[in-house]
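Quick one: the structure is below, questions incoming.
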Amino acid sequence: MPLSTQSQADDEQYVLIASLDNARHLSNILKAITFKDHAIFTATPNGLKVTVEDSKCLQANAFIQAEIFQEYTIKEDLGFQINLTVLLDCLNIFGGSTVPGVSTALRMCYRGYGYPLTLFLEEAGVVTVCKINTQEPDEPIDFEFCSNNVTNKVILQSESLKDAFSELDMTSEVLQITMSPSQPYFRLSTFGNSGNAHYDYSKDSDMMELFRCTKTQTNKYKMSLLKPSTKALALSCKVSVRTDSRGFLSLQYLVRNDDGQICFVEYYCCPNEEVEED
């Protein structure tokens, strides 16, 4: 395969090399966090973390473990900012074929600070090289969301959350989430043009894989901030919903690719300022 014939001398100049037999495994997970043009890439020996933020109120992180890649070589921890929209266009330069047996191979290389991210893409013997400018990354927001401060947590099968979103009124400006050790246990509420709507889950529901609530919390979150996370929901098979003592929301999505490998997408969202607590 042409992508594997690059000389060792060429490889020596790169501080990061990551290869995939199917570029779609990367593009799909990146689409789940694409709601702004720019993203921060952080690479460590454990894999890639890609971060997108909006107005200091919303942060999305995609985690692509090193094991997902057929080749993953890194010489030092590194970070850079890149235009995510351009990157996705490049990854789909061959049209993002979904034909069985046809895939776009990817070799992603980076020489270090100030250099572009270079993509070698090959499909059916045709190789295209894309170079995307990188910038010095901004420091990502630290939402200070740590497990010690988590007050309530549920894990649901994603299908049930998709059902809820299809029934709730998306014209509502906010989504209200109630989590409680007693009824209604886990409730989603909207207040839209067609009136108020509630969607309740019992803690014993078949769709509920874990229910761990220590106190009753009711928080509202701007629907406009949560809507991007539905892209991750559509790809995922499970979702973990957590709130901390401040009412900050964490949505963790478990995404399984075509080869059965697992990646994670996490969204952090600030509560709406007009918070009402029971």
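The values are calculated or read from the model by the stated rules, or taken from the named source; none is laboratory data. None of these values were measured; they are calculated from a predicted model. Please note: Cβ atoms are built from the backbone with ideal geometry, for glycine as well, and neighbour counts cover all protein chains shown. Note: areas computed on protein heavy atoms with side chains; ligands, DNA, RNA excluded. Shrake-Rupley method; radii C 1.70, N 1.55, O 1.52, S 1.80 Å.
Okay, residues lined up against (1) open to solvent by 20 Å² or more (accessible area, probe 1.4 Å); (2) part of a strand (DSSP E or B):
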residue: I64; (1), (2): no, yes
residue: E67; (1), (2): yes, no
residue: T73; (1), (2): yes, yes
residue: F80; (1), (2): no, yes
residue: F94; (1), (2): yes, no
residue: M108; (1), (2): no, yes
residue: T118; (1), (2): no, yes
residue: F143; (1), (2): no, no
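So that you can scan it fast, the table gives a plain yes or no per residue for (1) open to solvent by less than 50 Å² (accessible area, probe 1.4 Å); (2) of a type outside the set (D, E, K, R); (3) in the same structural domain as K231 (by the TED database):
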position: E167; (1), (2), (3): no, no, yes
position: S172; (1), (2), (3): yes, yes, yes
position: P184; (1), (2), (3): yes, yes, yes
position: T190; (1), (2), (3): yes, yes, yes
position: S194; (1), (2), (3): no, yes, yes
position: Y201; (1), (2), (3): yes, yes, yes
position: S205; (1), (2), (3): yes, yes, yes
position: L210; (1), (2), (3): yes, yes, yes
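OK, next. Restricting attention to region 8-34, and to residues there that are assigned to a loop (DSSP other than H, G, I, E, B) and touching a helix residue (DSSP H, G or I) at 6+ places or on another chain (Cβ under 8 Å), which single residue is surrounded by the fewest Cβ atoms within 10 Å (Cβ to Cβ)?
Only one residue fits best here, namely T34.
Mind checking which pairs have a first residue in region 132-144 that is in contact (Cβ under 8 Å) with a residue 40 or more places away in the chain and a second that is open to solvent by 100 Å² or more (accessible area, probe 1.4 Å), Cβ under 7 Å, 6 or more apart or different chains?
I141/K56
A further question on this structure: For region 180-216, which residues satisfy the criterion of being in a strand (DSSP E or B), over 20 Å from S147 (Cα atoms) and among the charged types (D, E, K, R)?
Once the filter is applied, which keeps residues that are in a strand (DSSP E or B), over 20 Å from S147 (Cα atoms) and among the charged types (D, E, K, R), region 180-216 yields R187, D200.
While we're on this one: Within the set of pairs 6 or more residues apart or between chains, which connect a residue that is touching a residue at least 40 places away in the same chain (Cβ under 8 Å) inside region 27-49 to a residue that is open to solvent by less than 10 Å² (accessible area, probe 1.4 Å) and of a type in the set (F, W, Y) with Cβ atoms less than 7 Å apart?
Pairs found: F41/F80.
While we're on this one: Six or more apart or on different chains, Cβ atoms under 6 Å: show the pairs whose first residue is in region 179-204 and over 18 Å from Q217 (Cβ atoms) and whose second is open to solvent by 50 Å² or more (accessible area, probe 1.4 Å).
G192/T171; N193/T171
Which of the residues belonging to region 239-276 are open to solvent by 10 Å² or more (accessible area, probe 1.4 Å), aromatic (F, W, Y) and touching a strand residue (DSSP E or B) at 6+ places or on another chain (Cβ under 6 Å)?
Selection gives F264, Y268.
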